[in-house]
Amino acid sequence: MDYQITTRALDKTNNVFFKSMLQLIQNQLTQKWSYEESAHIILVDLEQPDGIEFWISKPRDVFLIAYARQNFYHAEWFLQKPLRIQPLLQLLNSLAMLQPAQLLINSPPITANQCPPPPKPSSVASVPAAALPSVPSLFSKAMSGTSEGKNKYCLDNKLEYFEPSIYLLGLLQESLVAARPRRFSCLGSAPLYILPYENRCFSAVTKMQQLDSLQENLYSSYAKNIKVVNLTPEELLAEVQKNALRAYPMDTALWLATLRCSHGRLILGQAPDSVIRLKYWPNFVVLPHDTVHVGLAAFMLKNTANLITIAQKTHTTLETVVDFFNSCKMIELTIEEPASESRLVDKKIAEPKRRTLKDILNRLLR
Amino acid sequence: MSEIKLVFTGSAGAGKTTAISTISEIPVINTDVRSNDFTTHLIRQSIDTSRKETITVAMDYGELTLDDGQKLRIYGTPGQQRFDYMWKILIKGALGLIILVDNAGDDPVGDLARYLDNFREFIKETSAVVGITRMDLSPEPNLEIYHEYMQSHGIRLPIYSVDARSRDSVVMLIHALVAMLEYG
């Protein structure tokens, strides 16, 4: 039997590599496989925005194979990066053992371009408040009727990941890599200036901790709604001086751009079951935060656990934990350990003491 | 009900008295003496008297009334090592410890090391938080150096650059301490 396979969102190098590797292993395959521009069986690069959109759109009548460094989508059929002969051989020979109906090879072939387009985010420019990115579900919280089931969390297999490249965060990352001083602006928000070689950013906002909704827009906007202007360092510093802008560490912008856009979705490429701890305490002086983040920082500084455990132990929603984790990861505060390294400090605090601590905090924060 | 207390400790001139005064609802009671009155060689060596007019020789004391009427007692230890007998007395039964380090001092990382060592047992049993003061005057060592020091010694505590004159800074330290006591 002849099988056809195609690829989606692989970059040129990976695609060439895949085709040549397919040729190389022909005589070791149990069936004949050929690469076609159009085929039912599609290898999808889940580390590329196009690939993710394609995967999430759940196209019909195709058989998808996830291609990434980690199987973070829990795909049934998965090929790990980088491309290697043995795993590819095993994958294709395993696929050849499936029934034709399982592989959908009796359906008319379609190309990836014929698949339904992914849902497009709404525009921020027209109606700022209502047009912020929607909040898809990453994890679902399973609340059973039993008392034991309460506070149990489970991972939803239909995950949607936080893809930085479609938000301000992606623009910031790209600018840092390119080392380009730039100005970012969005309807109604004070512009953000970044000076990568000094690892600083500038804004007219005097207290990043207390952004109003207009200022929030910039940090929660899609990249396509943000105006980006290249500046020379001299031009940038002149604008800083002219407008008496305030300087912040670059981490402040990265942190805020992550916190405001991740919406409970794990950052792309991150395995949901990773065991995590904080390298050191986040500098909340320059990182806008809520009270709950301080508790999470304390737990994650002393304990090494997965995200679900962190949520359970700190009585915090998983979405909040994910947002906090994404933000910490973005400024390189996190350390990932093998699952076997999970370590929880056995800490029991007496209820009266807990109440006293809360009273102290309430009194001080009033 | 046993005494509810927090203890501020740290190097001479780090701002312990000032920090306590930002949150105390009573004027801070202290046993400060003019640093000029102290003429011993030891003291002259250890603090820069040009920037600190008084030093604490026994303790600082402030208070905060909680909603249920209980008093939170806030103690500050004398900064100089020669008064360290007071440290043990003050720390006994404390909820937590706040260590302030003067970044403009001669050896701020060494100061931190000494206080972490002196209160090692207490920190192990409860928790502590570290505030680095006067970083505006002396930006080096930066926070990364402190992080590295603590990491290399397996110490995981919150650390901030703070302004001891700012209530927000002091509240932030206590907030981190409370979080560490509950979750850390």
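Below is a table of values for the structure above.
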read-out: Test item: A:300-308 mean partner chain Cβ contacts at 10 Å; value: 2
read-out: Average partner coverage of A:211-220, which counts Cβ from other chains inside 10 Å; value: 0
read-out: Order by protection proxy (mean Cβ within 10 Å, highest first), peptides A:283-290, A:94-101, B:96-103, B:66-73; value: B:96-103, A:283-290, B:66-73, A:94-101
read-out: Per-peptide average of other Cβ atoms within 10 Å, ordering B:4-17, B:109-122 highest first; value: B:4-17, B:109-122
read-out: Förster radius 41 Å - calculated FRET efficiency between A:Lys81 and B:Gln151 (Cβ-Cβ, nearest 0.05); value: 0.85
read-out: Rounded accessible area of B:Arg156 (nearest 10 Å², 1.4 Å probe); value: 60
read-out: FRET efficiency, 1/(1 + (r/R0)^6) with R0 41 Å, evaluated for A:Val292 and A:Lys227 via beta carbons; value: 0.80
read-out: Pairwise burial A:B, computed as accessible area of each alone minus the pair, summed, 1.4 Å, Å²; value: 3300
read-out: Mean accessible surface per residue for region A:164-259, computed with a 1.4 Å probe while every protein chain stays in place, in Å²; value: 44
read-out: Part-to-part distance (alpha-carbon centres) for region A:39-60 and region B:139-172, which is given in Å; value: 46
read-out: Total lysine pairs whose alpha carbons fall under 16 Å of each other in region A:280-366 (8 or more apart, or interchain); value: 6
read-out: Full-stretch length increase - A:Asp61, A:Glu234 - with 0.36 nm per residue and alpha-carbon distance subtracted; value: 56.7 nm
read-out: Alpha carbon centroid spacing (whole Å) that separates region A:303-352 from region A:207-238; value: 31
read-out: Ordering of A:210-220, A:297-307 by packing [mean C-beta count within 10 Å, highest first]; value: A:297-307, A:210-220
read-out: Residue mean of other protein chain beta carbons inside 10 Å, A:346-357; value: 3
read-out: Chain lengthening between A:Lys19 and A:Ala271 when straightened (0.36 nm per residue, less Cα-Cα); value: 87.9 nm
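The values are calculated or read from the model by the stated rules, or taken from the named source; none is laboratory data. If you're wondering where the values come from, they're calculated on a predicted model, not measured in any experiment. Counting neighbours? That spans all protein chains shown, and the Cβs are built from the backbone with ideal geometry, glycine included. Just the protein is used for accessible areas: all its heavy atoms, side chains included, with ligands, DNA and RNA removed. Shrake-Rupley method; radii C 1.70, N 1.55, O 1.52, S 1.80 Å.
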